[in-house]
Structures are given as structure tokens and as C-alpha cells.
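Structure first, commentary second.
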Amino acid sequence: MAYDVVIGLEAHAQLLTASKMFCGCSTAFGAAPNTQTCPVCLGMPGVLPVINRKAVEFAIRTGLALNCTIAPMNRFARKNYFYPDLPKGYQISQYELPICQDGWMEIGENGTAKRIRIRRAHLEEDAGKNLHTGIAGASHVDLNRAGTPLLEIVTEPDMRSPDEAVAYLKTLRDILMYLGVCDGNMEEGSLRCEPNLSLRLVGSKELGTKVELKNINSFKFVKAAMEYEIKRQTKVLDEGGKVVQETRLWDPEKGETAVMRSKEEAHDYRYFPDPDLVPLRIATEMVEEVRKTLPEMPEAMRKRFVKEYGLTEYDAGVMTADKDVAWLFEQTVAKQTESVGVSGEVLGKETGNWIMVEVLALLKKIEAGEDQAKVKAAFAIAGSPLSPEKLAELLLMKRKGEISGPIAKTVLEEMFHTGKSAAEIVKAKGLTQVSDEGALEKIVDEVMARNQQQVLQYRSGKEQVFGFFVGQVMKASGGKANPAKVNELLKRKLAG
Ligand SMILES: [Zn+2]
């Protein structure tokens, strides 16, 4: 039988507020267990929650970026269930009046753009964490995370393949990070996703029974879990069986999903308005204030980079995948334009190539090692060893022929490790490109004298040895010779 795949996604984004959703405790990741707690987030009787204004602002910010309507009237509800990491016995969430409703987001490149509808996004609090790694098989609970603000973003079932679902998730992550409302770290659980997936016969309008997937902490696993689930459900249906509505856990070790629990219905939670929190009214003025502070979104930036800097779609995509890289690129171009008066389009291509090939490769190389903190610092704006000013200086030296391409790469690495400027490094190490004809002639003569046989080969028509001579001269000059001049000289001298 042939089936259509229908996927919807729920994503939980931890909001980057300094304090928790309803108390003043810190939300920083990685502190000693239970050190970031207070009577409110420990669920003690008689305490009163207070709504975090910043979390509300972040929710509005995200809602606007996702083209949602911001509800003027909000209500928080208690979602009742028991679990050891939930000391109150209920989670404060939003039920019938979520803060953001009826939005959409576009995924895919130009021409293949597809709109995914956002049903709702609502504010809630995170639960604590159970750790099953205790001594003698004991389990422990860490409540540092309990009460951390979450925004749950729910789509309509608009995706038709695991690839589309991953594209949606990547775009959502980019947007959240651009907005500065979530750090997007899936491994630390700051962004968690729960796809729901069902199959239906091709051509059928009715939705099949859906299965929800949990415990997924990377793009790779999202895709693998959905692909596994498609195979599993296809088999069930092909054999004449029925898919059971349930929640399944992804097991990355086994590469399969397993039943976690049968699907609960909304009424199982006995939602009711939280009597400790008054309804939250959001003034139009507040929404408009937030709208004014929205940054340019990655999609818009990508299009602008193609137009303004002459980048290809692909390059613009790489450059805007990370907002810090986009910033570095644009500022580096601007600094060069200021001092040489060459158009952004010419410099954009050069700078883009250099950042993509050299800077990102350098960061990757170092990231693979132990110097993670340093990589992060490289993009921190103040005092960065790779600030736009410093990169622009290096690129201009290369452009003016003061240093050769290979030397520029060495200098970049040195800049990164020492924080010194390109000019300082070039001066201290004597790396200035040699363009002086007399000096280069001397090196060329020496190389030719040492390789008489190859000279004869060249002169008897074996022109392939030309590259050998270029290499030898560059090597003899310690990479400092001006390649264009070397080519010119060699052509003349070898001709005899
Ligand atoms: Zn607290």
C-alpha cells in the first residue's frame, strides 16, 4: 500500500531569562543539584507565583517573528499530573488562552518555499530532572530546572516528510537564536522537539492515528526516529493492524522507538485556571514596543546578502546560519569599504569566501580540539581576536599584495591564538610579501641552477614542469614571494 506521511511538531524552547517563570531563582545551566531552588519552585504550600515579565516579552517577540496574533487576554492553567520531578503535582501552563496563536513560518529555499502553520505557542514552566545514576541503583531528583520558562510552539500537521520536519526545526532554531530568546542547544535540552507522525492512504483526506515521539536531542535523531516510525507504522497497516495512539521513546542506541505510555487526553490533566495568578492582559502598546526591537530574520538577511554582496544562495545560507558569523561578515566588509572605497559587492565575495573557507575551517579545527571556550570568545564582540577590524586589516593587506594568500592563512591562525593584529605579526615575523624583482630574480636563478634537468625538459616542450618551478620558488622564499611576479619571471627566464 502507498501511504502519505503527516507530521506535526511540538517544540519546547527554554527562554533565556535570568530568572525562572514564577520566582527569582537563577536559570543558569550546570550548577550543583538543587542549589537554584526556593519555596516557590519547590512547590511548598502557601507560596505565591509571580509572572516573569521578561518571559512574556520573549513569548511576544517569538510570536511576532512567527506571524502569530498576540492574545490580549491570557490565562495560566494548572495541568495536573504526578511525577517525582514535579513537586507541586501540577505544571503551570496555558490551556484555552495561549499567548500566541495562528501564525506561520516559511521553510525551504527560494522557489520551493512552503508555509508551515503555527497553531499556537504558549508559556509554561519546565519540570525538574530525575537522575537514575545514583549510588546503589538509587534515583535522585534535581529541581534546578523546575520552573524554568518554556515556550511550547505547536504546528499544524503540515509536514509531509522527515526532511521537511527537520527543515522546519532548523529554521525555528535559527529564528529563536536570532531573536535571542533561546540558545538553541539541543544537547543541553534548551530546545526539545516532539514530532507526531501518522500515515494515511494516498489520496485520503482523513488523518490517521498519530504517534508522538519523545526523547530526541539532535537533528540526526529527529530524522532517524521519524524514519523508523514510518517503517513501523507501514508494517502495522500493511498487515491489516491498527496504529495505537501512544507516546513512544526514541532509543538512540538501538535505533528504534518503544512505547512509553498510551496517549493521554487533555481531560486526563484536569486543566483549570490557576487561582494564584490573575489573568494576564497584554496591552497593544507593549506588543508594538516589542515589535520595534525585532531583528532582521535569517531568511530576509539571506536574500539581502545575495542582492547586496553578490553572494550565491548557498554562500548566503552558510553566512546567515549563525547570527554571529553574519555579523562578522557584514562588519568586516564594512570596515574594508570604509578604508578603500571599493563596493560591497566586490569585497563581499572575497570576504565571504575567506570567512567560509579559512575562518570557519580554523574554528572547526579548534573546536575539534579542547579550545571550545576560545572559539566562543572568538565571536564575542568585545576584544575578540577575530574582530571585524582585525580581519579587515588582514584582508586589506592581502588585497594590496603586502602579504601572499598562504601567508595570510598563517597570520590568521596566529591572530586567533595571540590576539595580535595582522600588521604586528607580519612585522615581527618578517612575512611581508616579496615583490621586488631583483630579490625574486635571485631566487629564480638559484632554483633554475639547481634543477638544470627540469629546465631542459621545459625547453624541449614539457611545459608541465612549470608548476614544479613555481612550487620550488615559493618554497625557497618561505611562502613570501608574490605568486604573480614569480609566474611572470619564470616564464621569461625559462623561455631562455
Ligand atoms: Zn525558585
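Remarks
- Helical mean residue ellipticity (222 nm; -39500 (n - 2.57) per DSSP H run of 4+; nearest 500) of the chain: -13000 deg cm²/dmol
- Accessible surface, the stretch 22-86, averaged per residue in Å² (probe 1.4 Å): 49
- Ordering SER198, VAL465, ALA55 by Cα displacement along the dipole of the chain toward the positive end leaves VAL465 in first place; charges were set at the Cβ atoms of Lys, Arg (+1) and Asp, Glu (-1).
- Lys, Arg +1 and Asp, Glu -1 on Cβ, resulting dipole of the stretch 107-199 about Cα centre, debye, nearest 20: 260
- Kirkwood analysis of the Cα pair distances in the stretch 150-190 returns a hydrodynamic radius of 11.2 Å.
- Top positive-direction residue, dipole computed over the chain with Cβ charges, set GLY30, LEU494, CYS68: LEU494
- Here the spin labels are modelled as points 7 Å beyond Cα on the Cα-Cβ line, and at THR69 and GLU187 they lie 4.2 nm apart.
- Each label point was placed 7 Å from the Cα along the Cα-to-Cβ direction; for ARG115 and GLU413 their separation is 5.1 nm.
- Segment ILE51-LYS491, extension gain: residue separation times 0.36 nm, minus the distance between their alpha carbons: 150.8 nm
- Amide H contacts of GLN433 (H built 1.01 Å from N, in plane; Pro and chain starts excluded): ILE403, SER404 sit under 5 Å, all sequence-distant by 5 or more or on other chains.
- Farthest towards the positive end of the charge dipole of the chain, among the residues MET448, VAL259, MET297, is the Cα of MET448, using unit charges on the Cβ of Lys, Arg, Asp and Glu.
- Carbon/sulfur fraction of accessible area - the stretch 168-301, other protein chains in place, 1.4 Å, %: 52
- Rotationally averaged projected area of the stretch 280-332 (alpha carbon convex hull; nm²): 4.9
- For the peptides 463-471, 33-41, the ranking by packing is 33-41, 463-471, with the highest mean count of neighbouring Cβ atoms within 10 Å listed first.
- Unpaired by the 4.7 Å Cβ criterion, cysteines found in the chain: CYS23, CYS25, CYS38, CYS41, CYS182, CYS193
- When only the Cβ of Lys, Arg, Asp and Glu is charged (+1, +1, -1, -1), the dipole of the stretch 36-106 relative to its Cα centre reaches about 280 debye.
- Beta bridge orientation in the chain: antiparallel %, DSSP, nearest 5: 90
- Per-residue packing, averaged as other Cβ atoms within 10 Å, sorts the ranges 433-445, 164-176 into the order 164-176, 433-445, beginning with the highest.
- Once the Kirkwood radius over Cα pairs is known for the stretch 195-318, the Stokes-Einstein relation at 20 °C and 1.002 mPa s delivers a diffusion coefficient of 111 µm²/s.
- Each peptide among 210-219, 281-290 gets the average number of other Cβ atoms lying within 10 Å of its residues, and from highest to lowest they stand as 210-219, 281-290.
- Amide H within-cut-off set for PHE76, under 5 Å, with H built and near neighbours excluded: ASP274, LEU280
- For the chain, the average shadow cast by the Cα convex hull is 33.2 nm², which is a quarter of the hull's surface.
- Magnitude of the charge dipole for the chain, about its Cα centre and with charges confined to Cβ atoms of Lys, Arg (+1) and Asp, Glu (-1), is about 840 debye.
The values are calculated or read from the model by the stated rules, or taken from the named source; none is laboratory data. Not measured: the values here are computed from a predicted model. Cβ sites come from the backbone with ideal geometry, for glycine too, and all protein chains shown count toward neighbours. Side chains included, ligands, DNA and RNA excluded: accessible areas come from the protein's heavy atoms. Shrake-Rupley method; radii C 1.70, N 1.55, O 1.52, S 1.80 Å.
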